[in-house]
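The block underneath contains the structure these notes are about, expressed in structure tokens.
The values are calculated or read from the model by the stated rules, or taken from the named source; none is laboratory data. Just so it is clear, the model here is predicted, and its values are computed rather than measured. We place every Cβ from the backbone using ideal geometry, glycine too, and count neighbours over all the protein chains shown. Heavy atoms of the whole protein, side chains included, go into the accessibility calculation; ligands, DNA and RNA do not. Shrake-Rupley method; radii C 1.70, N 1.55, O 1.52, S 1.80 Å.
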Amino acid sequence: MIKLCASPAAAAAAAMETGRWCPKMKPAMWYLMMIVVGFFYVYLTAIQYIRGQTAHDPPANYLTQYDPQYFDETLISPSNALNFDYHNYTTMTDFLRAMSATYPNLTALYSIGKSVQGRELWVMVVSSSPYQHIVGQPNVKFVANMHGNEAVGREMLLHLIEYLTKNYHTDDYVRWLLDNTRIHIMPSMNPDGFEVAREGMCQGGQGRYNARGFDLNRNFPDYFKQNNKKNQPEAEAVKQWISKIQFVLSANLHGGALVASYPFDNSPNTTMDWPRLLRVLNETRGKDGREEVDFKSVFQQFTSTPSLTPDEDVFKHLASVYSFNHGTMHLGLPCKAGAPAFTNGTTNGAAWYPLTGGMQDYNYVWHGCMDITIELSCCKYPMARQLTKFWQDNKKALVRYLGEVHRGVRGFVTDEAGRPVEGASLKIMGRDVGFQTTKYGEYWRVLLPGLYSLEVYASGYDPAVEEFIVEESNPTLLNVTLYRASPPPDVLPSGPNLHHVEPQPPVPSAADRVSHQRRPVFIGGPEQPQGAAPNTQGGISGFFSSISDQLSSVFKIFG
């Protein structure tokens, strides 16, 4: 006979006596347990959100709980742990999400858009302040796998993410770097191309192009020549990205050679040294057991000349920093017979071979970002067993290159009341490729030791010129105050019946307008704003119109 329980106390006594709960109480306890489980599930979901599983705005209380010491490596499982193998889009995404969850206060994962086939263009921020810009702290970036079949850079950046996060607590240099820099890492700019490329293919074009057959490193506005290539979503995403975040230093990782190449990649003219060309062809015709001549490489050597930027000294230095911290790049050895040998493992891009529409020239001319191209491997897509050696050769170079953002000059531009002047145009005198201030009035410029003059312009203010010295040890802090411009005397009214007529500027010809659109003579001076490249295709594609609102919210976090 079953006893009825009149109270919870009776129910407990009955349970102890019979080993069973009262029938009347069983539903109530079951509901209570379900409520507890439900609350626990909601709590876990919220925790996963905060830890980076979702690449949207963090909750308002995230930053108040900020602790860069926090991490939870139990969230890395064998299925998403990093190894020395190639990672397709799915396994790469799993790894990035796992790292974001494991190191929520050192990393932030976001996407700048999608590829032709709908794959996310992932970027991982690695910094002790991943979700919020720290005023005065520069942004740097690495981009890899722009050509889908050049796969080594993709894996090197995944290992760099792991290395920086795991060594934050033990390596003083890494800790200093992450405490003072916001590092944005894009492992794959062309995920569609990678999916069709094949391991072991050292040459050829399978996977090089995006899903529409376009070379993404020929898809940017060009300084020297008109680029009529149809805009591609991957390149457009990058253009939008770097117009929202002011990057100071950058590098893009390629394959097929072993060299650090720097701007300009293009040139207004080329020459042909016929006698030298014939001599090299005769010497490398394949005699005496030599390999066949790579005629493309040979001809590129003799149809190109150096195309130097005003910052030639800085670019040579940046390329050398990478080359001499690399295991073998500084030796300058050619990959095969007939290929060029590179002194110190560096080269001017146009001197190697000219190209139109390259990304590094666009970064530099349109956005004032010092960008170089790093060729990591003679074979574009080597076997995975070689990745360990590639990481050993590149680890120090990748880390030390990032530190170069902390040389030169930096500071703030404010008005006489101390308010930041956003969008002020700056240039170093004698170096007519300029840069701009952020909304906080910040600016940065990588320079070698020496004496310089900084020119500053802003609409409605008198121009300013400041001299400064750059030393080797630390960046120079130079703050500039701009003062409101007074109207010139000839426009001030001197009587009630006097009227001043402004002189009208001459109307530019059609040729002048086209030249101005495609080839800015001076970026950084008055009325020559940066941040948006001339668009020869009639506006931003519909692809970005559909996601502009989402991009705006994302960049508020990461810019």
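Let's see how each residue does on (1) open to solvent by less than 30 Å² (accessible area, probe 1.4 Å); (2) modelled with pLDDT of 95 or more:
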position: 283; (1), (2): no, no
position: 304; (1), (2): yes, no
position: 309; (1), (2): yes, yes
position: 313; (1), (2): no, yes
position: 318; (1), (2): yes, yes
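Scanning region 351-405 for residues that are of a type in the set (Asp, Glu) and open to solvent by less than 10 Å² (accessible area, probe 1.4 Å) returns 361, 371. Test residue 314 against the stated conditions and say whether it is touching a Ser or Thr at 6+ places or on another chain (Cβ under 9 Å) and in a helix (DSSP H, G or I). It is false that residue 314 is touching a Ser or Thr at 6+ places or on another chain (Cβ under 9 Å) and in a helix (DSSP H, G or I).
Total residues in region 411-431 satisfying the condition of being farther than 16 Å from residue 483 by Cβ and surrounded by fewer than 21 Cβ atoms within 10 Å (Cβ to Cβ): the figure is 5.
The residues of region 225-248 that are under 30 Å from residue 330 (Cβ atoms) and in contact with a Ser or Thr (Cβ under 9 Å, 6 or more places away or on another chain) amount to a single one, 242. For region 183-214, residues that are under 18 Å from residue 157 (Cα atoms) and free of Cβ contacts under 8 Å to residues at least 60 places away in the same chain total 1. Filtering region 437-472 to residues that are surrounded by fewer than 12 Cβ atoms within 10 Å (Cβ to Cβ) and on the phi < 0 side of the Ramachandran plot leaves 451, 465, 467, 469, 471, 472. Could you list all residues from region 132-168 that are surrounded by fewer than 20 Cβ atoms within 10 Å (Cβ to Cβ) and assigned to a loop (DSSP other than H, G, I, E, B)? Residues satisfying the conditions are 132, 134, 135, 136, 137, 167.
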